[in-house]
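Read the structure below first, then the notes.
The values are calculated or read from the model by the stated rules, or taken from the named source; none is laboratory data. Nothing here was measured: the structure is a model prediction, and the numbers come from that model. Cβ sites come from the backbone with ideal geometry, for glycine too, and all protein chains shown count toward neighbours. Each accessible area value is taken on the protein alone, full model and side chains, heavy atoms only, with ligands, DNA and RNA left out. Shrake-Rupley method; radii C 1.70, N 1.55, O 1.52, S 1.80 Å.
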Amino acid sequence: MLSVKSILNIEDLSLEDINLVLSNADSFLEVLKRDLKKVPTLRGKTIINLFFEPSTRTKTSFELAAKRMNADLVNFSAPTSSLKKGESIIDTVRTIIAMKVDLIIVRHPDSGAAKFIFEKTNIPVINAGDGKNEHPTQALLDLYTIRKRFKDFKKVKVAIVGDILNSRVARSNIKLFKKMGFDVSVVSPPMLLPENMDYFNVDIKHNIDDVIGEVDVIYMLRMQFERHSRKLYPSVREYNEYLGLNMDRVNKMKKESIVMHPGPVNRGIEISEEVMNLNDKGSDRLLIDTQVTYGVAVRMALLYLLLG
Ligand code: NCD
């Protein structure tokens, strides 16, 4: 049993909770490898995907996770809903609850939205990304991906590179990786760092070359252009020079080290075209697709633990 009713952030999860999610994900990954990828675990349960922001992988990942466990999943997209007619979020959520749903998955542009919905409804909520705040299921699937790759899981050295200021993935991943005892650093120019960076208690670097030869995991973030109200970085060329991952830099990485990214990738900005094509060349360094595959298993584990 999890110690929480909802997955809202990383802070609330105990080490036991985290280990429970990871070990259950192992069982569900087995299901995903079968020819018939379906189990009856959540038959009769109703889940709603409540997305107030665009999403490809997270939304589809939750949808597949629910369907593979035989739950009924309803997709709600803000642009086609009565929100356009002026309905408030909470009235929208109340309407949905009146239809007797068992769990709400929510993505919202405002920090704190998932918690707010949980407090108002008391129905299990999974935060699928709230503003710049957190994206806990992304962090859990990333942790799972790292654990599958590294035997000596305790001593992993990770650098998170890019737009930390606007990234909820960075916030959740830093917290989770620190909780697991990893050695975490961030690489970002000062203008893409939040003011309260001290709170995270991590090493800060400004050039990817300062970490590239030392880390086990280089975790690249997307430039969140849609969240920049003004231009925060001089030029893409400059970004590439200090933060971009190209083949020259990949060649300096330790033999066993890996490259991760939550997706979607701005090809040619944070990761070069050539590095993005590494898998086609038989390399097993680039784990972006693996993260997506494991994401479904981790989300199945979460749905099972909250509803099963
Ligand atoms: C992330 C998100 O939406 O926060 N993507 C994801 O969920 N896979 C990261 C991003 O958009 O850059």
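Among the residues of the stretch 108-119, is any within 16 Å of the ligand (Cβ to nearest atom), part of a helix (DSSP H, G or I) and either over 24 Å from residue 206 (Cα atoms) or hydroxyl-bearing (Ser, Thr, Tyr) (or both)? Don't jump to the end; show me each part of the working.
Let us first name the residues in the stretch 108-119 that are within 16 Å of the ligand (Cβ to nearest atom), namely 108-114.
Next cut, part of a helix (DSSP H, G or I) only: 113-114.
Now restrict to residues that are either over 24 Å from residue 206 (Cα atoms) or hydroxyl-bearing (Ser, Thr, Tyr) (or both): 113-114.
Among the residues of the stretch 108-119, at least one is within 16 Å of the ligand (Cβ to nearest atom), part of a helix (DSSP H, G or I) and either over 24 Å from residue 206 (Cα atoms) or hydroxyl-bearing (Ser, Thr, Tyr) (or both), which makes the answer yes.
Could you grab me the full set of residues in the stretch 120-132 that are more than 13 Å from the ligand (Cβ to nearest atom) and more than 17 Å from residue 300 (Cα to Cα)?
Pass one, the stretch 120-132, residues more than 13 Å from the ligand (Cβ to nearest atom): 120-125.
Hits for the stretch 120-132 are 120, 121, 122, 123.
Residue 19 passes all but one of (1) more than 16 Å from the ligand (Cβ to nearest atom); (2) open to solvent by less than 30 Å² (accessible area, probe 1.4 Å); which number fails?
(2)
Taking the criterion of being over 28 Å from residue 137 (Cβ atoms) and in contact with a Ser or Thr (Cβ under 9 Å, 6 or more places away or on another chain), would at least one residue in the stretch 193-206 satisfy it?
If we filter the stretch 193-206 for residues that are over 28 Å from residue 137 (Cβ atoms), which is where we start, we get 206.
Next, from what is left, pick out any that are in contact with a Ser or Thr (Cβ under 9 Å, 6 or more places away or on another chain): 206.
The answer is yes; a qualifying residue exists.
When the residues of the stretch 266-278 are narrowed to those that are open to solvent by 40 Å² or more (accessible area, probe 1.4 Å) and at pLDDT 95 or above, which ends up nearest to the ligand (Cβ to nearest atom)?
Once the filter is applied, the top-ranked residue is 273.
Select from the stretch 117-132 the residues that are of a type in the set (A, V, I, L, M, F, W, C) and open to solvent by less than 10 Å² (accessible area, probe 1.4 Å) and write down the one among them that is modelled with the lowest pLDDT.
My answer is 117.
Determine which member of the set 60, 95 is of a type in the set (Val, Ile, Thr) and over 26 Å from residue 132 (Cα atoms). Walk me through it before giving the result.
On the way: 60 fails: over 26 Å from residue 132 (Cα atoms).
Residue meeting the stated conditions: 95.
Mind listing whichever residues of the stretch 27-54 are part of a loop (DSSP other than H, G, I, E, B), away from the ligand (no atom under 16 Å from the Cβ) and acidic (Asp, Glu)?
Going through the stretch 27-54, the residues part of a loop (DSSP other than H, G, I, E, B) turn out to be 34-45, 52-54.
With away from the ligand (no atom under 16 Å from the Cβ) added as a condition, the list becomes 34-45.
Once the filter is applied, which keeps residues that are part of a loop (DSSP other than H, G, I, E, B), away from the ligand (no atom under 16 Å from the Cβ) and acidic (Asp, Glu), the stretch 27-54 yields only 35.
Restricting the stretch 169-190 to residues that are part of a helix (DSSP H, G or I), open to solvent by less than 20 Å² (accessible area, probe 1.4 Å) and not β-branched (Val, Ile, Thr), which is nearest to residue 235 (Cα to Cα)?
Here the answer is 170.
Which count do you get for residues in the stretch 133-167 that are within 12 Å of the ligand (Cβ to nearest atom), over 27 Å from residue 209 (Cβ atoms) and either in a loop (DSSP other than H, G, I, E, B) or open to solvent by 50 Å² or more (accessible area, probe 1.4 Å) (or both)?
The number of residues fulfilling the criteria is 2.
Regarding the stretch 235-255, can at least one residue be identified that is open to solvent by less than 20 Å² (accessible area, probe 1.4 Å), of a type in the set (Val, Ile, Thr) and in contact with a strand residue (DSSP E or B) (Cβ under 6 Å, 6 or more places away or on another chain)?
No, because not a single residue in the stretch 235-255 is open to solvent by less than 20 Å² (accessible area, probe 1.4 Å), of a type in the set (Val, Ile, Thr) and in contact with a strand residue (DSSP E or B) (Cβ under 6 Å, 6 or more places away or on another chain).
For the stretch 36-58, which positions are surrounded by fewer than 18 Cβ atoms within 10 Å (Cβ to Cβ) and modelled with pLDDT under 95?
Step one: filter the stretch 36-58 for residues surrounded by fewer than 18 Cβ atoms within 10 Å (Cβ to Cβ), giving 36-41, 43-44, 46, 54-57.
Of everything in the stretch 36-58, those that are surrounded by fewer than 18 Cβ atoms within 10 Å (Cβ to Cβ) and modelled with pLDDT under 95 turn out to be 36, 37, 38, 54, 55, 56, 57.
May I ask you to list the residues in the stretch 89-107 that are closer than 26 Å to residue 297 by Cα and either in a helix (DSSP H, G or I) or open to solvent by less than 10 Å² (accessible area, probe 1.4 Å) (or both)? Can you show your working first?
Within the stretch 89-107, the first condition is being closer than 26 Å to residue 297 by Cα, and the residues that meet it are 100-107.
Of everything in the stretch 89-107, those that are closer than 26 Å to residue 297 by Cα and either in a helix (DSSP H, G or I) or open to solvent by less than 10 Å² (accessible area, probe 1.4 Å) (or both) turn out to be 103, 104, 105, 106.
List every residue pair whose Cβ atoms sit under 8 Å apart, with the two residues 6 or more apart in sequence or on different chains, where the first one lies in the stretch 49-75 and is without any contact (Cβ under 8 Å) to a residue 40 or more places away in the chain and the second, anywhere, is open to solvent by 70 Å² or more (accessible area, probe 1.4 Å).
67/38; 70/38; 70/40; 70/43; 73/67
Being charged (D, E, K, R), away from the ligand (no atom under 16 Å from the Cβ) and more than 21 Å from residue 150 (Cβ to Cβ) is the filter here, so list the residues in the stretch 199-240 that pass it.
From the stretch 199-240, those charged (D, E, K, R) are 203, 205, 209-210, 214, 216, 222, 226-227, 230-231, 237-238; that's our starting set.
Narrowing further to those that are away from the ligand (no atom under 16 Å from the Cβ): 203, 205, 209-210, 214, 216, 230-231, 237-238.
Answer for the stretch 199-240, where residues must be charged (D, E, K, R), away from the ligand (no atom under 16 Å from the Cβ) and more than 21 Å from residue 150 (Cβ to Cβ): 205, 209, 210, 230, 231, 237, 238.
If you check 208, 258, which single one turns out to be open to solvent by less than 20 Å² (accessible area, probe 1.4 Å), over 19 Å from the mean Cα position of the chain (by Cα) and modelled with pLDDT of 95 or more?
Details: 258 fails: over 19 Å from the mean Cα position of the chain (by Cα).
Only one candidate qualifies: 208.
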